[in-house]
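No value in this document is a laboratory result; all are computed from the given coordinates. This is a predicted model, so every value here is computed, not measured. Here the Cβ positions follow ideal geometry from the backbone for every residue, glycine too, while neighbour counts run over all protein chains shown.
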Amino acid sequence: MVSRRQFIGAGAALAGAAAWSRTSAMSLPEAPVMEDATTQPPLMPSAGPEYNPVVTLNGWSLPFRMNNGVKEFHLVAEPVERQMGEGMTAYLWGYNGQSPGPTIECVEGDRVRIFVSNKLPEHTTVHWHGMLLPCGMDGVTGLTQPPIPPGKTFVYEFDMKKSGTFMYHPHGDEMVQMAMGMMGFFVVHPKDPTFMPVDRDFVFLLSAYDIDPGTYIPRVMEMTDFNLWAINSRVFPDVAPLVVRKDDRVRVRVGNLTMTNHPIHMHGYDFEVTCTDGGWVRPEARWPEVTIDIPVGAMRAYEFDAVYEGDWALHCHKSHHTMNAMGHEIPTFIGADKTAVTRKLKQVQPEYMPMGTKGMADMAEMSMPIPDNTIPMMTGWGQFGSLEMGGMFTVVKVREGIEPGNYDDPGDYQHPPGTVAYEWTGSLPEAAAAPASSEQGSALPATPVRDVTPTGGHSGH
Ligand SMILES: [Cu+2]
């Protein structure tokens with residue numbers, strides 16, 4: 001617990017000559033805690049200007065209180081237990097019971113006072129990524145403030161100069177603290193509620209961990225070879241779907257605090273980037289995309305009109321990032337005959353299964369024995385079988401008639417008859433024979449081949 005005396009001391013030290021700081025006359029706001037990893041419903045504003053709150057996938061927004069016109073929040077940096085997926089819990093560091101920390105929402109023009117209490121075993125600070133603020137509120141250990149020692153509380157206070165999509169994270173022992181999961185979203189809504197309104201506004205942060213199967217704590221020294229690629233510290237199939245009502249205008253805000261870029265691809269739609277952590281993108285500066293690269297330390301928001309019903313995949317396009325805990329040192333066995341070696345290995349290890357000789361899809365369907373506290377590499381079941389996915393993968397579920405404010409999983413998409421890929425059961429045509437090389441000179445036109453028919457042979461002659 002932080003005593004009132006400690007709190008006043010920290011406030012006074014930070015406030016210095018700033019006459020506007022009245023923190024010493026107040027009590028510390030409550031610090032709500034969330035331990036549930038399910039997506040919480042949007043937090044409607046309890047005071048101040050109206051706004052349309054965001055929905056944090058597998059997360060929540062931090063409640064605030066008003067104090068003489070200032071919005072007050074209380075963040076607590078602390079060790080947390082995060083269920084990354086069913087059967088796997090990680091011991092991370094985060095804020096208010098969760099990693100990532102709660103989303104902070106406010107409105108352009110608000111004055112915000114954020115109390116940060118440090119319950120970590122080492123010092124920390126909070127940097128408000130993308131915000132325009134007084135330099136001394138920027139949260140860089142040593143450069144703009146002393147570190148917040150364990151057990152102490154510091155106060156940050158500044159005006160929301162512009163609306164947009166931002167984040168917060170430590171700027172003290174940053175490598176360790178971000179590898180341990182310390183990060184959160186910060187959304188500033190426009191003062192004018194008619195500015196670029198959307199019906200549904202989703203946010204999530206990309207994070208990556210290296211946690212050996214059967215263990216709980218990330219290896220913080222890992223630089224590139226992570227084994228858990230996560231959306232809000234969850235991995236598929238336990239990342240919440242983005243539930244959308246047909247014809248809604250939808251915004252998806254993504255931030256990347258991993259060690260590499262993530263090309264985020266959404267199926268079924270084209271869309272435009274409308275906001276970065278630098279601000280809103282002018283309409284004449286946008287272009288259509290179906291994949292947007294999220295650079296390290298950046299945020300992108302994209303928007304679309306949800307006119308196409310379905311279960312649409314949304315995932316990182318680096319295929320290793322849609323896998324869960326796996327070793328990367330395994331040789332390729334495609335085409336290898338393991339029959340003889342399997343017979344021998346089964347004599348000493350009867351459960352041995354040969355894998356990878358035809359690819360690795362069989363991994364998803366086998367239930368191999370795995371250690372406690374880990375997640376299969378490729379998993380997740382849909383109405384047509386295994387998805388053979390993991391990591392940074394989720395589903396955008398667009399349905400008719402979903403109530404506004406309802407984000408419950410509507411289940412599998414019911415495809416209209418005749419709209420699902422199907423097996424051809426008729427006779428198969430003979431494969432087109434390649435012309436013998438000696439004939440090619442006369443058979444092929446001099447210009448590049450344009451008129452090859454699909455049933456074989458060349459036209460003409
Ligand atoms: Cu990725």
### Message
Can you compute 3J(HN,Hα) from phi for each residue in segment 234-247, using the Karplus curve 6.51 cos²θ - 1.76 cosθ + 1.60 with θ = phi - 60°, rounded to whole Hz and x for Gly and Pro?
### Response
10, 10, 4, x, 9, 7, 4, x, 8, 8, 9, 7, 3, 6
## Note on the structure
Residues Val398, Val55 in order from fewest to most other beta-carbon atoms within 10 Å are Val55, Val398
### For Ala298, distant residues with modelled amide H under 5 Å away
Asn256
### Task
For segment 133-138, just list the computed ³J(HN,Hα) in residue order, Karplus coefficients 6.51, -1.76 and 1.60, θ = phi - 60°, integers in Hz, with x standing in for Gly and Pro.
8, x, 3, x, 9, 7
### Task
Pull up the cross-link candidates among the lysines for Lys162, meaning alpha carbon to alpha carbon under 27 Å and not fewer than 8 places away within one chain.
Lys71, Lys191
### Summary
Percent antiparallel among DSSP beta bridges confined to segment 4-190, nearest 5, equals 65 percent
### Query
If the cut-off is 18 Å between C-alpha atoms, which lysines fall inside it for Lys152, apart from same-chain ones fewer than 8 positions away?
Lys119
### Query
Which loop-located GluC sites (Glu not before Pro) does segment 21-96 contain, where loop means any DSSP state but H, G, I, E or B and the Cβ has at most 14 other Cβ atoms within 10 Å?
Glu30, Glu35, Glu50, Glu86
### Task
Specify the inter-centroid distance of segment 40-72 and segment 208-230, based on alpha-carbon positions, in whole Å.
32 Å
### Task
Give the shape of segment 4-190 as rounded, prolate or oblate, defined through the alpha-carbon gyration tensor: a ≥ b ≥ c are the square roots of its eigenvalues, a/c under 1.5 means rounded, and otherwise the shape is prolate if a/b is larger than b/c and oblate if not.
oblate
### Task
List the residues whose amide H sits under 5 Å from the amide H of Val76, counting only those 5 or more places along or on another chain, with H placed 1.01 Å from N in the peptide plane.
Asn96, Ser117
### Message
Taking amide H atoms as placed 1.01 Å from N in the peptide plane, list the residues 5 or more away in sequence, or in a different chain, whose amide H sits under 5 Å from that of Val107.
### Response
His189
### Task
Can you list which of the chymotrypsin sites (Phe, Trp or Tyr not before Pro) found in segment 118-199 are DSSP loop residues with at most 16 other C-beta atoms within 10 Å?
Phe195
### Task
Going by C-beta contacts inside 10 Å, put Asp201, Asp293 in order with the fewest on the left.
Asp293, Asp201
### Task
Work out the FRET efficiency for Ser27 and Glu81 from their Cβ-Cβ distance, taking R0 = 35 Å, and round it to the nearest 0.05.
0.75
### Query
Alpha carbon centre of segment 374-404 versus segment 93-140: separation in Å?
32 Å
### Query
In sequence order, what are the phi-derived ³J(HN,Hα) couplings for segment 401-417 according to the Karplus relation 6.51 cos²θ - 1.76 cosθ + 1.60 with θ = phi - 60°, rounded to whole Hz, with x for glycine and proline?
x, 6, 5, x, x, 9, 10, 5, 4, x, x, 6, 5, 8, 6, x, x
### Summary
Neighbours of Gly48 by Cβ distance under 9 Å: Lys/Arg at +1, Asp/Glu at -1, summed charge -1
## Note on the structure
Exposure-ranked with fewest Cβ neighbours within 10 Å first, His123, His189 stand as His123, His189
